[in-house]
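Below is one structure, written out as structure tokens; comments come after it.
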Amino acid sequence: MSGFMSSSASMTICKCQQARPLDVEALRKGAFTEAIDPDGIRSGWVGLNDLLDTDNFFLATSDARFSGFSYRLDMRRPAAAVIRLQLAEQIRAEEAEGKKIGSKRKKELREAIIEKLTARADFVPSLTDCIWDGKSGVLFIGTTSEKMLERILSRFKGSFGMDAAPIGAEKDMETIFSLLQNEGSLQLAGYNIAPMGSASLQSADASSEKSAIAVRNSPDAVSDGLSQGLAIKRMGIIATNTENEDDELQFTLDSSLAVSGLKFPRAEKGMDEEATFLINAEICASVAALVDKLAGNN
């Protein structure tokens, strides 16, 4: 399991023009209900990592700075195996009648089957964790999916009246990598930042069969790839606290500045949920600050 209360997480860092404590009553008003919207989905806010909490929202109120909650999305999803079976049966039946089944007809049959099965399928719930940093005006969303981000940011604005958008970069990944390579490490936001030595490179033609090339544990190989005209899609980052070497952050940074593979410390035995949340929220805030500075935004 991934998410802000687990051992690792992915996240998109979104900035607001405003920084203020979260309005928990607005969170409750936008809470999940079983009402089905025109798109055939059910959605809304719930407690952090809790499908059924539509009122308490304990981790959204336990701290003056950080508020944790989740976005629940229920969608009807027919099983892929059932779709394949019914499609094969339909094709065989039409071929038995002497009909020729081309790609266009297969697509029509598939779409009709999906529509029929979806109308009868059970709702499948999913959760996407969110943390609001009321001090910095930053929203951490536990996904890198553009479609999910669009849903959550729209809901966030509707609930709290605040526009939030993923942070952008003044520097591209190649510039960031070169800085880290040449300097060995950079000191930003209280951390020494260095490349882990691994990166995924992508050709200029992202649609080509060999567009993605994984290079691991070899900064020289990354440099060679860049000299051949390849671009960095993502790279590993390691950040060590300048005052405490035991405080180390490891994550992968995407060219869109999305973060994945962010490691959280293992919770100590007997640690309560609130303490775990606050530690992980502080880590997210530290990562957001150094990513923003690394990208040249301030």
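The values are calculated or read from the model by the stated rules, or taken from the named source; none is laboratory data. On a predicted model such as this, the values are computed, not experimentally measured, just so you know. Positions of Cβ are generated from backbone atoms using ideal geometry, with glycine treated the same way; all protein chains shown enter the neighbour counts. Just the protein is used for accessible areas: all its heavy atoms, side chains included, with ligands, DNA and RNA removed. Shrake-Rupley method; radii C 1.70, N 1.55, O 1.52, S 1.80 Å.
The condition of being at positive phi, surrounded by fewer than 16 Cβ atoms within 10 Å (Cβ to Cβ) and more than 12 Å from the chain's Cα centre (by Cα) holds for only one of Gly161, Gly102, that being Gly161.
Can you pull out the residues in the range 118-158 that are of a type in the set (Phe, Trp, Tyr), out of contact with any helix residue (DSSP H, G or I) (no Cβ under 9 Å at 6 or more places or on another chain) and either surrounded by fewer than 19 Cβ atoms within 10 Å (Cβ to Cβ) or not in a helix (DSSP H, G or I) (or both)? Give the derivation first.
Quick first cut of the range 118-158, residues of a type in the set (Phe, Trp, Tyr) only: 123, 132, 140, 156.
Narrowing the set further to residues that are out of contact with any helix residue (DSSP H, G or I) (no Cβ under 9 Å at 6 or more places or on another chain) leaves 123, 156.
Phe123 - this is the single residue of the range 118-158 that is of a type in the set (Phe, Trp, Tyr), out of contact with any helix residue (DSSP H, G or I) (no Cβ under 9 Å at 6 or more places or on another chain) and either surrounded by fewer than 19 Cβ atoms within 10 Å (Cβ to Cβ) or not in a helix (DSSP H, G or I) (or both).
Looking at Ala19, Ala35, just one residue is part of a loop (DSSP other than H, G, I, E, B) and surrounded by 15 or more Cβ atoms within 10 Å (Cβ to Cβ), and that residue is Ala19. Among the numbered conditions (1) surrounded by 14 or more Cβ atoms within 10 Å (Cβ to Cβ); (2) over 18 Å from the mean Cα position of the chain (by Cα); (3) closer than 30 Å to Met235 by Cα; (4) of a type outside the set (Ser, Thr, Tyr), tell me where Gly3 comes up short. Just one mismatch for Gly3, condition (2).
Quick check, is Leu109 more than 30 Å from Thr276 (Cβ to Cβ), without any contact (Cβ under 8 Å) to a residue 24 or more places away in the chain, among the aliphatic types (A, V, I, L, M) and open to solvent by less than 60 Å² (accessible area, probe 1.4 Å)?
Working: more than 30 Å from Thr276 (Cβ to Cβ): yes; without any contact (Cβ under 8 Å) to a residue 24 or more places away in the chain: yes; among the aliphatic types (A, V, I, L, M): yes; open to solvent by less than 60 Å² (accessible area, probe 1.4 Å): yes.
Yes; evaluated as a whole, the condition is true for this residue.
The set of residues in the range 119-146 that are closer than 13 Å to Pro166 by Cα and either over 11 Å from the mean Cα position of the chain (by Cα) or without any contact (Cβ under 8 Å) to a residue 12 or more places away in the chain (or both) comprises Gly137, Val138, Leu139, Ser145, Glu146.
Any idea which of Ala64, Ala81 is under 24 Å from Gly137 (Cα atoms) and either outside any strand (DSSP E or B) or touching a helix residue (DSSP H, G or I) at 6+ places or on another chain (Cβ under 7 Å) (or both)? Can you show your working first?
Numbers: Ala81 fails: under 24 Å from Gly137 (Cα atoms).
Exactly one of Ala64, Ala81 is under 24 Å from Gly137 (Cα atoms) and either outside any strand (DSSP E or B) or touching a helix residue (DSSP H, G or I) at 6+ places or on another chain (Cβ under 7 Å) (or both), namely Ala64.
Every residue, every condition in (1) acidic (Asp, Glu); (2) surrounded by 14 or more Cβ atoms within 10 Å (Cβ to Cβ); (3) at pLDDT 70 or above; (4) closer than 27 Å to Glu146 by Cβ, yes or no:
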residue	(1), (2), (3), (4)
Ile167	no, yes, yes, yes
Ser178	no, yes, yes, no
Glu183	yes, no, no, no
Leu188	no, yes, yes, no
Ile193	no, yes, yes, yes
Leu201	no, yes, yes, yes
Asp205	yes, no, no, yes
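Against the numbered list (1) open to solvent by 30 Å² or more (accessible area, probe 1.4 Å); (2) in contact (Cβ under 8 Å) with a residue 60 or more places away in the chain; (3) among the hydrophobic types (A, V, I, L, M, F, W, C), Leu52 comes up short only at (2). On the basis of being crowded, with 20+ Cβ neighbours inside 10 Å, at pLDDT 80 or above and of a type in the set (Phe, Trp, Tyr), does Phe264 make the cut? So Phe264 does not fit the description; no. Scanning the range 267-298 for residues that are at pLDDT 90 or above, over 20 Å from Lys15 (Cα atoms) and among the small types (Gly, Ala, Ser) yields a count of 1. If we keep just the residues of the range 207-221 that are open to solvent by less than 50 Å² (accessible area, probe 1.4 Å) and either in a loop (DSSP other than H, G, I, E, B) or out of contact with any Gly (no Cβ under 8 Å at 6 or more places or on another chain) (or both), which is modelled with the highest pLDDT? Taking the candidates together, the pick is Ala221.
Suppose we keep only residues that are part of a loop (DSSP other than H, G, I, E, B) and open to solvent by less than 60 Å² (accessible area, probe 1.4 Å) within the range 22-31. Which one would you say is nearest to Met148 (Cα to Cα)? Don't jump to the end; show me each part of the working.
In the first step, residues of the range 22-31 are kept if they are part of a loop (DSSP other than H, G, I, E, B); the result is 22-23, 30.
Going one step further and asking which of them are open to solvent by less than 60 Å² (accessible area, probe 1.4 Å), we end up with 22, 30.
Details: Leu22: 21, Gly30: 17 Å.
Filtering first and then ranking leaves Gly30.
The set of residues in the range 38-49 being surrounded by fewer than 20 Cβ atoms within 10 Å (Cβ to Cβ), touching a residue at least 12 places away in the same chain (Cβ under 8 Å) and assigned to a loop (DSSP other than H, G, I, E, B) consists of Gly40, Ile41. With respect to (1) over 16 Å from the mean Cα position of the chain (by Cα); (2) open to solvent by less than 60 Å² (accessible area, probe 1.4 Å), the lone exception for Asp246 is condition (2).
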